[in-house]
Amino acid sequence: MIDGVAIDNSSDKSRTSPSGGRPSGAGTRRARRVRMTGKERREQLLDIGRALFAEKGFEGTSVEEIAAKAGVSKPVVYEHFGGKEGLYAVVVDREMRQLLDMVTGALTAGHPRELLEQAAFALLDYIERYTDGFRILVRDSPVAQSTGTFASLISDIATQVEDILGLEFKARGFDPKLAPLYAQALVGMVALTGQWWLDVRRPKKAEVAAHLVNLAWHGLDGLEPKPRLIGHRRS
């Protein structure tokens, strides 16, 4: 100290740190920003967008918020996706593929009842592992026309089940042309139950699957070849 004024010797390159090494200067006080590759930045924006869309929905999420959480400017989001709609479309497409792959990949059993169990477990597994993704899928989307909808996804899954039911119907003497109707009914039942279970998470997953299969299987087991209405209404 000279005349009461502290002298800053930080520029003295010969001075060592307490540990014996050279001082790192500002690098020890501020973390150096790591520059992401284009692919890494894209994945980061998708992860952030996915979480926000699940929490707030499409309308409640803004490009500003996505950019702020990523630590970038808005033009970076536009550069990668063209806007919020483009980012949302990619998120939805990924989730739809994930769920469809999980369901179709699970259908490996030979017995129809076990196939029902596998389909039910696949959907419940997806809800459990990819909760944010499922929340996004079941929301109404303003860009659904370009990305598909949850209803269209369920229809795709029902198509997989339809082939199985068609063979089973033919073996039991039922009209196989009705297999698409029953496939939609069965898959729709599981999907709607899954939406309910998403929030309550009770009973446990295996128990939910068992009850779904119980209703579906015993309903199919007692299926009438030509069902009739018992009420007065006929049309």
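What the table below lists for this structure:
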read-out: Which numbered condition A31 fails, given (1) surrounded by 10 or more Cβ atoms within 10 Å (Cβ to Cβ); (2) at pLDDT below 95; value: (1)
read-out: Residue match in region 203-217 (condition: more than 27 Å from D93 (Cα to Cα), in contact (Cβ under 8 Å) with a residue 12 or more places away in the chain and part of a loop (DSSP other than H, G, I, E, B)); value: no
read-out: Qualifying residue in region 175-182 (condition: of a type in the set (G, A, S), surrounded by fewer than 14 Cβ atoms within 10 Å (Cβ to Cβ), within 18 Å of R113 (Cβ to Cβ) and without any contact (Cβ under 8 Å) to a residue 40 or more places away in the chain); value: no
read-out: Sole residue being open to solvent by less than 80 Å² (accessible area, probe 1.4 Å), outside any helix (DSSP H, G or I) and over 30 Å from I164 (Cβ atoms), chosen from G49, G110, G60; value: G60
read-out: Residue within region 78-89 that is closer than 28 Å to R201 by Cα and surrounded by fewer than 15 Cβ atoms within 10 Å (Cβ to Cβ) present; value: no
read-out: Condition met for D156 (acidic (D, E), under 27 Å from the mean Cα position of the chain (by Cα) and farther than 25 Å from G110 by Cβ); value: no
read-out: Residues (more than 24 Å from L165 (Cβ to Cβ) and either open to solvent by less than 90 Å² (accessible area, probe 1.4 Å) or touching a helix residue (DSSP H, G or I) at 6+ places or on another chain (Cβ under 7 Å) (or both)) located in region 208-235; value: G231
read-out: Options R97, R42; residue that is touching a helix residue (DSSP H, G or I) at 6+ places or on another chain (Cβ under 9 Å) and either of a type in the set (K, R) or touching a residue at least 60 places away in the same chain (Cβ under 8 Å) (or both); value: R42
read-out: Candidates Q195, Q184, Q160, filtered to the one that is at pLDDT below 85 and not small (G, A, S); value: Q160
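The values are calculated or read from the model by the stated rules, or taken from the named source; none is laboratory data. Here the structure is a predicted model, which is why all the values come from computation and not from measurement. Every residue, glycine among them, receives a Cβ derived from its backbone with ideal geometry; neighbour counts consider all protein chains shown. Surface areas here come from the heavy atoms of the whole protein model, side chains and all, with no ligands, DNA or RNA. Shrake-Rupley method; radii C 1.70, N 1.55, O 1.52, S 1.80 Å.
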